[in-house]
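For reference, the structure is listed below as structure tokens.
What follows is calculated from the coordinates using simple rules that are stated; it is not laboratory data. Because the structure is predicted, anything quoted here is derived from the model rather than measured. Heads up, the Cβs are rebuilt from the backbone with ideal geometry, glycines too, and the neighbour counts pull from every protein chain shown.
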Amino acid sequence: MMRTRVPMALVAIVALVLTAGCASLKSAPAASHPAEKLTPLGNGLTEVTLTSEVAQNIGVRTEPVRAQGSVLTVPTSAVIYRPEGTAWVYAEVRPYTYVRAAVTVADDSGGVAQLTEGPQAGTLIVVQGSA
């Protein structure tokens, strides 16, 4: 008779421990979305606002679009290509707030993309942490 009571007591203790663990998991805060705010702008565009903590954690870094004569240049790391061939960059419209901007790439070599169309020179674009 004693043999069956020990395993039953052990089962009861294990059940209590597991139940206590579940209670603490339920009280843990839910993970938040990395974007603080997503604002639809129309035409399929969305303004993405990150918290400063998220921007730092994912390593967002910006650089200005540069002009070399009539050609705009950006680091190739800034250009995101869609499967159908279109390309775009994320332009900073306010601190930690970004909007997708279409670009036309004339050449993409040597770490620099030459654009015939895109954000004007001086516009800050995301060169790291966007994709």
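The table below lists the values:
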| item | result |
| --- | --- |
| ³J(HN,Hα), Karplus 6.51/-1.76/1.60, whole Hz, each residue of the stretch 70-79, x for Gly, Pro | 8, 9, 8, 10, 9, x, 4, 5, 7, 8 |
| Net charge over other residues, Cβ less than 11 angstrom from the Cβ of Val89 (K, R count +1; D, E count -1) | -1 |
| Förster radius 30 Å - calculated FRET efficiency between Val71 and Leu41, Cβ distance, rounded to 0.05 | 0.60 |
| Positive minus negative residues near Thr116 (Lys, Arg vs Asp, Glu; Cβ under 13 Å) | -3 |
| Extension gain, Ser52 back to Thr104 (0.36 nm per residue minus Cα-Cα distance, nm) | 15.7 nm |
| Least to most buried among Ser70, Ser52, Ser77, Ser130 (fewest other Cβ within 10 Å first) | Ser70, Ser52, Ser77, Ser130 |
| Cα shape, the stretch 35-128, gyration tensor, a/c 1.5 rule | prolate |
| Sorted by Cβ neighbour density within 10 Å, fewest at the top, the residues Ile58, Ile125 | Ile58, Ile125 |
